[in-house]
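What follows is calculated from the coordinates using simple rules that are stated; it is not laboratory data. Values in this document were obtained by computation on a predicted structure and should not be read as measured data. Counting neighbours? That spans all protein chains shown, and the Cβs are built from the backbone with ideal geometry, glycine included.
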Amino acid sequence: MHTVVVHSFNMGDVEDPDLYAAEPLYNWRITEKGQWVMENSIDFPIWRRSVNSYYGYTYTIEASFTPEKYTFYTLKWGN
């Protein structure tokens, strides 16, 4: 099993960052890459929020794949 960060984005300092992150998360999910990840990950992908050094937040989406699916992912979308 391989766990990788499949997407990340930055968010400014806002009162409710999770509320503002909903749109970029959804927009990623409806892309070709997002749909493939949602269909082929072992478990449901998870997102994490962390504070970055620019007075805001960094969101990352992590997914786990079988070795075969991981190989396909890296060949199609890189590391």
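Miscellaneous remarks
- Here the 3J(HN,Hα) profile of the range 31-42, calculated from phi with Karplus coefficients 6.51, -1.76 and 1.60 at θ = phi - 60°, is 6, 4, 4, x, 5, 4, 4, 4, 7, 10, 6, 5 Hz, Gly and Pro shown as x.
- Taking a Cβ cut-off of under 14 Å around Thr58, the surrounding Lys, Arg, Asp and Glu residues balance to a net charge of -1, with basic ones at +1 and acidic ones at -1.
- Applied to the range 44-55, the Karplus parametrisation 6.51 cos²θ - 1.76 cosθ + 1.60 on θ = phi - 60° returns per-residue 3J(HN,Hα) values of 5, x, 10, 10, 10, 10, 9, 7, 9, 7, 9, 6 Hz, with x for Gly and Pro.
- FRET efficiency for the Asn10 to Glu32 pair, using the beta carbon distance and R₀ = 25 Å, is estimated at 0.65.
- Length-normalised contact order of the range 2-77 in % [C-alpha pairs under 8 Å, at least 6 apart]: 44 percent
- According to the calculation over all Cα-Cα pairs in the chain, the P(r) per 5 Å bin from zero is 3, 15, 26, 22, 15, 11, 6, 1, 0 %.
- Only Lys, Arg (+1) and Asp, Glu (-1) charged, at Cβ; the chain dipole about Cα centre in debye: 320 debye
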